[in-house]
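The values are calculated or read from the model by the stated rules, or taken from the named source; none is laboratory data. Because the structure is predicted, anything quoted here is derived from the model rather than measured. Positions of Cβ are generated from backbone atoms using ideal geometry, with glycine treated the same way; all protein chains shown enter the neighbour counts. Keep in mind that these areas ignore ligands, DNA and RNA; they rest on the heavy atoms of the full protein, side chains included. Shrake-Rupley method; radii C 1.70, N 1.55, O 1.52, S 1.80 Å.
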Amino acid sequence: MNKNPYEVLGVAKNANDDEIKKAYHKLVMKYHPDRNPGDKDAEEKFKEVNNAFDILKDPQKRAAYDRFGDAAFGAGNGASAGFGGGNPFGGAGGFHFDMGGGAGMEDILREAMRGFGFGGFGADMGGGRARQQRGRDLLDSVTIDLKDAYFGTIHTVNFSSNVECDKCHGFGTSDGKEAPVCPRCHGAGVVQGRQGFFAVEMPCPECNGLGHKIDKKCSKCDGSGTINKQRTLEVKIPAGVEDGTRLRLSGQGEAGQNGAPSGDFYIDVRVRPNKRFERDGNDLIMRVDVPFTTLALGGEIEIETIDSKKLSVNVSSGTQVGDRLRVRSHGMPNARRVGSYGDLYIEVAMRVPTKLTDKQKKILSEFADTKPAKKGWF
């Protein structure tokens with residue numbers, strides 16, 4: 001990301017979420033590869049728009065960009081760290097550890113100060129239980145069609161991650177019970193010393209920073225408390241889901257340490273643009289060619305809705321090209337209100353016939369020679 005996301009989307013720095021989404025949807029429809037086949041410039045613009053939206057839709061990423069600019073997303077500065085050399089899901093979206101659940105600000109400061117030889121950030125030197133660390137959050141993404149967003153769908157995720165060892169229940173001990181607190185650091189995992197005028201905090205050499213001391217390790221996990229396991233999750237994507245929605249599966253992330261709770265699993269949902277329908281919130285817009293005679297005299301047209309229903313829509317006489325006809329409750333379902341739907345808007349267009357019979361030409365010529373009732377026909 002090396003372009004200002006606000007400039008890419010054409011929004012002000014204080015734009016709200018609705019303004020950002022509206023600008024994003026408009027540009028995605030404009031530059032989508034399906035609408036610009038073979039156009040490399042449009043493809044590049046499409047990528048820039050998606051990158052910009054990825055930053056501005058996420059409050060944490062947006063705040064980081066506002067404060068640090070592009071430096072916030074340089075090497076090692078992202079909000080999430082990559083899983084490894086490949087993508088276990090096989091998708092373009094990638095699979096990540098989300099640092100939001102695995103390390104708090106106190107932990108980050110502690111590690112940063114250790115790098116400079118300082119300590120003293122919240123170590124409990126007065127005793128207590130072994131330090132517990134919540135498991136890290138996991139993040140994946142999926143791209144679905146608009147029709148799947150209308151009906152809702154199930155997304156199956158196959159991946160591998162660390163889970164609690166079923167033999168020792170996450171404690172890393174051979175008997176499956178919590179290990180005794182380290183007698184030297186009293187469960188803090190760190191000890192303090194002095195270097196000149198400064199107090200120095202360092203990992204406890206007795207327990208290697210774990211806060212507890214395992215006399216006999218679990219034979220299955222070798223004392224780590226976790227094992228790597230192939231997993232399958234079925235993620236229910238609700239009907240009416242919007243592009244950019246992040247779903248959360250509580251407790252489905254990485255296993256915690258020392259009996260701590262697991263992290264969460266997040267999935268970012270992207271919705272592909274549709275060739276027939278444009279989405280505006282819960283409303284849908286479709287462009288329909290209407291014969292000139294129907295526009296002039298009135299009549300009915302037949303349309304097919306996103307859920308494949310056939311509908312007859314009344315067209316009033318004198319309807320103009322560009323007018324919108326409203327069909328209530330045939331838009332997208334409202335994900336926040338069960339049973340509620342947006343509306344479908346039919347944007348009137350007209351295709352001029354290229355081949356006319358002699359009789360049709362004669363009728364049109366006679367029509368052109370007649371005088372309009374007032375100033376003009378239109």
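Structural remarks
- Alpha-carbon centroids, segment 232-292 and segment 132-199: separation in whole Å: 25 Å
- Bridgeable aspartates and glutamates around residue 40 (alpha carbons under 13 Å apart, same-chain partners fewer than 8 residues away excluded): 48.
- Share of carbon and sulfur in the accessible heavy-atom surface of segment 1-69 [1.4 Å probe, %]: 46 percent
- Derived scalar couplings ³J(HN,Hα) [segment 7-12; Karplus, 6.51 cos²θ - 1.76 cosθ + 1.60; whole Hz; x for Gly, Pro]: 5, 4, 7, x, 10, 6
- Proximal aspartates and glutamates to residue 229, defined as alpha-carbon separation beneath 12 angstrom and excluding residues fewer than eight positions away on the same chain: 164, 166, 254
- Taking a straight Cα-Cα cut-off under 28 Å and skipping sequence neighbours fewer than 8 places away in the same chain, the lysines within cross-link reach of residue 13 are 3, 21, 22, 26, 30, 45, 47, 57, 61.
- Probe 1.4 Å, accessible area per residue of segment 152-255, Å²: 54 Å²
- Modelled FRET efficiency - R0 56 Å, residue 66 with residue 177, Cβ distances, 0.05 increments: 0.70
- Amide H contacts of residue 290 (H built 1.01 Å from N, in plane; Pro and chain starts excluded): 349, 350, 351 sit under 5 Å, all sequence-distant by 5 or more or on other chains.
- The residues of segment 311-363 present an accessible area of 72 Å² per residue when probed at 1.4 Å with all protein chains retained.
- Förster radius 45 Å - calculated FRET efficiency between residue 206 and residue 160 (Cβ-Cβ, nearest 0.05): 0.85
- Segment residue 275-residue 314, length gained on full extension (0.36 nm per residue, minus Cα span): 11.7 nm
- Fraction of accessible area attributable to carbon and sulfur, segment 143-230 (%, probe 1.4 Å): 49 percent
- Order by protection proxy (mean Cβ within 10 Å, highest first), peptides 149-158, 276-285, 356-365: 276-285, 149-158, 356-365
- Overall, segment 145-214 carries a charge dipole of about 320 debye about its Cα centre when +1 sits on the Cβ of Lys and Arg and -1 on the Cβ of Asp and Glu, all other atoms neutral.
- Karplus 3J(HN,Hα) series, Hz, for segment 332-346 with 6.51 cos²θ - 1.76 cosθ + 1.60 (x for Gly, Pro): 7, x, 7, 5, 9, 9, 4, x, 9, 10, x, 10, 10, 10, 9
- Solvent exposure of segment 256-308 as accessible area per residue, Å², 1.4 Å probe: 46 Å²
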